[in-house]
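Here the structure comes first, spelled out in structure tokens, and everything after it is commentary.
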Amino acid sequence: MQKNLKFIAAVAFAFLGIVVFVSQTFARFDPLTGADHQAAAIREIYVNNCARCHGVDGKGQTDLGRKYDVPDLTEDGKNTSKARIVRIIKNGKQDMPSFGKKLTKRQIDALASFVRRL
């Protein structure tokens, strides 16, 4: 009976270890820090490329934002399709530069999702 319990406990711990390993392999969540690395990386891309005009909060209330009359992304982002935002980021629009050669398709796609959630 005791051998059976030890065997069951060993199998259960092995199974739990496999589940944790697989989930951590596919997830981008760091349980030690509680940080979602992908979200932080996309926010950093936004801050480094977009915030000087659109502002960290997306409202466009920066010197360059007022100069170029940029849209308030907290409003327009929700009302614009993701596909259109992807095209604008990739190709630029009026005074906005294109980022199609600077950012990967995956980064642009994630950035468009980020903008829609501002």
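Just so it is clear, none of the values below were taken in a lab; they were calculated from the coordinates. Quantities reported herein were computed from a predicted structural model and do not represent experimental measurements.
Annotations for the structure displayed:
- Taking 0.36 nm per residue of separation and subtracting the Cα-Cα distance, full extension of the segment from V47 to K105 would add 19.1 nm.
- Convex hull volume of the stretch 36-116 per residue (C-alpha atoms, cubic angstrom): 82 Å³
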